[in-house]
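The values are calculated or read from the model by the stated rules, or taken from the named source; none is laboratory data. Treat the numbers as computed from the prediction; the structure is a model and nothing was measured. Please note: Cβ atoms are built from the backbone with ideal geometry, for glycine as well, and neighbour counts cover all protein chains shown. Surface areas here come from the heavy atoms of the whole protein model, side chains and all, with no ligands, DNA or RNA. Shrake-Rupley method; radii C 1.70, N 1.55, O 1.52, S 1.80 Å.
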Amino acid sequence: MSETAPMVAGLFHVAVKTNDLAATTAFYVTILGLREAPRPDFGYPGAWFAVPLPGGPAILHIYAGGPALGAEGRAPSGTAAIDHVSLACRGYHGFIARFRAAGLAWREFLVPGTTLWQLFVYDPSGVQCELTFEGAARSGPGPDMSPGRAYVAGSSFFEAAAYPALTG
């Protein structure tokens, strides 16, 4: 039996560090609609969230304390060298309604030359999330590309001090 040729078969998980596990959990469950998944006891706080996919769920790992803490005793903020985490989604206008209800800032984008619609929003730790939708399958108005609402690559709109308090 020969060994399988090397290949990447999919994304297994993304790990996010946080200083506020409760608010981060509320964001991923209440705003994005993920479900909490069983997590082993690593000896420090955290949570796992299942992202439903055909063939099995990918997992989003959130960890607080322990290895999440930097030299200052706090988790770093923002996505650092990773610009954003992209999720394939449905329910474009429903997500906008959730963002409004929670008081979250967001940006919208229409990918040039495609039918892809996108929403950009930050989690409480400053991790930028890109929600991508097949626009051809959507009803209602498309992305608002007006100044101040349109997403601009490389431009952060995360304001830690203005981030709303999220609860589950």
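Within segment 106-147, restricting attention to residues that are on the phi > 0 side of the Ramachandran plot and open to solvent by less than 60 Å² (accessible area, probe 1.4 Å), which residue is modelled with the lowest pLDDT? Looking at the filtered set, the residue picked out is G140. Number of residues in segment 17-47 that are open to solvent by 50 Å² or more (accessible area, probe 1.4 Å) and not small (G, A, S) equals 14. Every condition in (1) free of Cβ contacts under 8 Å to residues at least 40 places away in the same chain; (2) in contact with a strand residue (DSSP E or B) (Cβ under 6 Å, 6 or more places away or on another chain); (3) open to solvent by less than 20 Å² (accessible area, probe 1.4 Å) is met by I96 except one, and the failing one is (2). Within segment 44-90, if we keep just the residues that are among the polar types (S, T, N, Q) and modelled with pLDDT under 80, the residue that is farthest from the chain's Cα centre (by Cα) turns out to be S77.
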